[in-house]
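Okay, structure first, notes after.
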Amino acid sequence: MKLKVAVLGGGPSPEYEISLQSADVVCRNLDPKKFLASKIIIPQLGGFSLEKLKDFDLAFIAMHGPFGEDGTIQGLLDEINLPYTGSSAKSSRLGMDKLASKKIFSSQDIPVPRFLEAGSAGEAIKVDQEIGFPLVVKPSNQGSSVGVSVVSDKNMLKEAFAEAASYGPVLVEEFVVGRELTVGILVDVPLPVVEIRPRRGFFDYRSKYDPNLVEEVVPAPLTDLQVFQAQNLAMRSFQALGCRGFSRVDMILCPSGEMVVLEVNTIPGLTENSLFPKELKAQGIKMKEALEMIICA
């Protein structure tokens, strides 16, 4: 008997369009011999009824950012006892809340950049006394580098804070110089490491979905020891938040050789330009195989 799968995409998030693309990928790649997949679009402006899901056996969550990745939809699905893919509501909230996740990482000796929560632009200006410039100013509850600014002096702080604050609470952290790496995890197994080389500035939202703005090297040109360290750190971060199914962990390899974790993405993008599918390809795993593994996790 085929499993009836509701593939959830969209939602009230800045990543609405990317989420729809991820949902399309899932629908195209779920094995029709095993699954009856239906794309269910969560409206960007609200008005979704859980009644639409009453006849399904499982929800595959392909939603990025708020509502999809912050534990909201997971909590709603828990209420109607509909199983779903990916991390629990609690783990999803922790993954999306960069301040909370950094506190957990620090408590488990997982290295992170120095950070502070800033409740106002005035507090952000004071941060440089403890951390120093350059700084990264970001919303603590968004994904895909939405609302993130790299600030090199005090004159830029007010505008950067206002941009981040328009999305929610603001996190200020030190700007760590080094090589940008990311490690996908598929059902408790780390995938090949990717090195991200932005062609302009840093790896912002536009760069993530425009191949002309970034070079992504997979597998990353690292030593065997560095690969082991990156994958081990990714697994520790994944486990520290209690994640399940799949995730992607972003980190920086410093010139000193130290690696610091930036964040865990509990529902990484699945589009053609997304990093997670490129890691699957490098590992020799077909998308349909990965999706089945995620569903069975």
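The values are calculated or read from the model by the stated rules, or taken from the named source; none is laboratory data. Predicted, not measured: the structure shown is a model, and the values here were computed from it. We place every Cβ from the backbone using ideal geometry, glycine too, and count neighbours over all the protein chains shown.
Taking the criterion of being closer than 27 Å to Glu174 by Cβ and surrounded by 18 or more Cβ atoms within 10 Å (Cβ to Cβ), the residues of the range 79-103 that qualify are Ser91, Ser92, Arg93, Leu94, Gly95, Met96, Asp97, Lys98, Ser101, Lys102. Scan the range 239-297 residue by residue and report those that are surrounded by fewer than 22 Cβ atoms within 10 Å (Cβ to Cβ), in contact with a Gly (Cβ under 9 Å, 6 or more places away or on another chain), among the aliphatic types (A, V, I, L, M) and part of a loop (DSSP other than H, G, I, E, B). The answer is Ala297, and nothing else.
Scanning the range 60-116 for residues that are of a type in the set (Lys, Arg) and in contact with a strand residue (DSSP E or B) (Cβ under 7 Å, 6 or more places away or on another chain) yields a count of 3. Just one of the numbered conditions (1) in contact with a Lys or Arg (Cβ under 7 Å, 6 or more places away or on another chain); (2) at pLDDT below 95; (3) not polar (S, T, N, Q) is not true of Val218: (2).
In the range 251-260, the condition of being touching a Lys or Arg at 6+ places or on another chain (Cβ under 9 Å), among the aliphatic types (A, V, I, L, M) and at pLDDT 95 or above is met by at least one residue. Of all the residues that make up the range 151-182, how many are in a helix (DSSP H, G or I) and out of contact with any Gly (no Cβ under 6 Å at 6 or more places or on another chain)? Selection size over the range 151-182: 10.
Scan the range 183-200 and give yes if some residue there is assigned to a loop (DSSP other than H, G, I, E, B), over 24 Å from Leu225 (Cα atoms), touching a strand residue (DSSP E or B) at 6+ places or on another chain (Cβ under 7 Å) and at pLDDT 85 or above, otherwise no.
First, pick out the residues of the range 183-200 that are assigned to a loop (DSSP other than H, G, I, E, B): 187-188, 199-200.
Then drop every residue that is not over 24 Å from Leu225 (Cα atoms), which leaves 199-200.
In the following step, the residues that additionally are touching a strand residue (DSSP E or B) at 6+ places or on another chain (Cβ under 7 Å) were identified as 199.
Now drop any that are not at pLDDT 85 or above, which leaves none.
Checked the range 183-200: no residue is assigned to a loop (DSSP other than H, G, I, E, B), over 24 Å from Leu225 (Cα atoms), touching a strand residue (DSSP E or B) at 6+ places or on another chain (Cβ under 7 Å) and at pLDDT 85 or above.
Working only within the range 48-78, note down all residues that are in a loop (DSSP other than H, G, I, E, B) and over 22 Å from Asn141 (Cβ atoms).
Step one: list which residues in the range 48-78 are in a loop (DSSP other than H, G, I, E, B), which gives 48-49, 54-57, 62-71.
Residues satisfying the conditions are Ser49, Lys54, Asp55, Phe56, Asp57.
Before we move on, is Ile18 closer than 16 Å to Gly269 by Cβ and surrounded by 14 or more Cβ atoms within 10 Å (Cβ to Cβ)?
yes
Taking the listed residues Leu20, Leu45, Leu82, the one that is in a helix (DSSP H, G or I), of a type in the set (A, V, I, L, M) and touching a residue at least 12 places away in the same chain (Cβ under 8 Å) is Leu20, with no other qualifying. Every condition in (1) among the acidic types (Asp, Glu); (2) buried (at least 22 other Cβ atoms within 10 Å of the Cβ); (3) more than 30 Å from Val261 (Cα to Cα) holds for Asp70 except the one numbered (3).
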